[in-house]
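*Asks:* First, the structure itself, so that you have it in front of you.
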Amino acid sequence: MSTPAALAAADTAVNDVAPVRLAFDALAGGYGGVDVVRGVSGAVAAGEVLCVIGRNGVGKSTLLKMLFGEIACRTGTVRFEGRAIEHVEPARRRALGISYCPQERPVFDDLSVRDNLTLMRADRSLGAFERFFARFPILPQRLGQHAGTLSGGEKKILSFARGLSEAQPLVLLDEPTEGVQWENIVHMVALIEAAKAHGTAFVVVEQNLAFAELIADHYLVIDQGRVVLAARTGELGRERLLAHLHV
């Protein structure tokens with residue numbers, strides 16, 4: 001079997017046609033003096049989804065925070081559309097074309113649903129959300145409600161709609177289906193597929209393997225902060241993936 005380093009090198013050319021949106025190499029970092037992510041490499045091309053899976057507490061969310069710049073990289077490189085961004089602040093990364101939907105505190109609890117959706121929009125228009133309202137009617141029904149009063153799954157839907165509506169070249173999603181009912185997960189799949197068709201790239205941290213199997217073009221399996229498996233969809237059997245999701 002190929003080593004993670006060799007697989008990561010191969011992934012630098014993830015797709016023979018589509019340009020690489022994001023490539024990261026030998027990333028290490030964490031909290032205080034402890035590295036939670038240890039030498040992780042990977043890449044994703046335009047119109048593709050890289051799903052990062054693994055047990056709880058193995059460094060998946062930390063990796064996403066490093067890709068967005070919320071946690072500094074102790075070592076390693078992050079390149080977005082060919083540009084080195086490992087020392088770029090999160091606000092600048094967003095301006096360059098990266099959207100991030102975090103696992104924790106995914107919405108602004110003290111703001112209304114409407115304000116959560118439109119806060120970063122100059123005209124505060126809801127026009128960009130029509131396709132999301134059609135899929136998730138809970139959103140237009142709750143526009144005046146404080147987001148903090150939504151259920152956990154509803155907050156995830158709100159965060160998901162806000163992130164994808166920005167129509168950025170790259171979207172980072174951390175556990176987007178956590179607490180979300182399956183009928184709404186199916187709508188998430190449809191919206192992700194539509195965005196992929198327009199060239200959006202995704203890095204998705206996910207525990208829900210059924211959801212991951214519907215969207216993934218590539219898998220990065222992490223255990224104890226390191227890549228233990230990296231492959232295209234179809235190259236890994238379901239049993240091997242499941243073995244890295246459960247103790």
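*Asks:* Sort out which residues of the stretch 181-199 are touching a strand residue (DSSP E or B) at 6+ places or on another chain (Cβ under 8 Å) and without any contact (Cβ under 8 Å) to a residue 60 or more places away in the chain, and write them in order of number.
*Replies:* 195
*Asks:* Select, from 54, 42, 30, the only residue that is closer than 17 Å to residue 223 by Cβ, touching a helix residue (DSSP H, G or I) at 6+ places or on another chain (Cβ under 7 Å) and at pLDDT 95 or above.
*Replies:* Criteria check complete, one pass: 42.
*Asks:* Going through the stretch 116-142 one residue at a time, which ones are crowded, with 16+ Cβ neighbours inside 10 Å and farther than 13 Å from residue 157 by Cα?
*Replies:* Of everything in the stretch 116-142, those that are crowded, with 16+ Cβ neighbours inside 10 Å and farther than 13 Å from residue 157 by Cα turn out to be 118, 126, 128.
*Asks:* Go over the candidates 195, 201 one by one and state the one that is modelled with pLDDT of 95 or more, closer than 19 Å to residue 128 by Cβ and open to solvent by less than 40 Å² (accessible area, probe 1.4 Å).
*Replies:* Checking each option against the conditions leaves just 195.
*Asks:* Pairs only if they're at least six apart or on different chains, beta carbon under 9 angstrom, first in the stretch 210-222 and acidic (Asp, Glu), second open to solvent by 10 Å² or more (accessible area, probe 1.4 Å); list them, first residue then second.
*Replies:* Hits for this filter: 213/233; 213/238; 217/15; 217/47; 217/48; 217/196; 217/232; 217/233.
*Asks:* Under 7 Å between Cβ atoms, which residue pairs at least 6 apart in sequence (or on different chains) link something in the stretch 111-134 that is touching a residue at least 24 places away in the same chain (Cβ under 8 Å) with a partner that is loosely packed, with under 11 Cβ neighbours inside 10 Å?
*Replies:* Qualifying pairs under 7 Å: 112/144; 114/144.
*Asks:* Further question on the same structure: Can you name the condition, by its number, that residue 154 falls short on among (1) surrounded by fewer than 19 Cβ atoms within 10 Å (Cβ to Cβ); (2) farther than 25 Å from residue 198 by Cα?
*Replies:* (1)
*Asks:* Still on this structure, please answer the following. Across the stretch 208-247, what is the total count of residues that are modelled with pLDDT under 90, open to solvent by 40 Å² or more (accessible area, probe 1.4 Å) and under 19 Å from residue 189 (Cβ atoms)?
*Replies:* Going through the stretch 208-247 one residue at a time, the tally reaches 3.
The values are calculated or read from the model by the stated rules, or taken from the named source; none is laboratory data. Keep in mind the model is a prediction, meaning the values are calculated, not measured. Neighbour counts run over all protein chains shown; Cβ positions are idealised from the backbone, glycine included. For the accessible areas, the whole protein counts, side chains as well, though only heavy atoms, and no ligand, DNA or RNA atoms are used. Shrake-Rupley method; radii C 1.70, N 1.55, O 1.52, S 1.80 Å.
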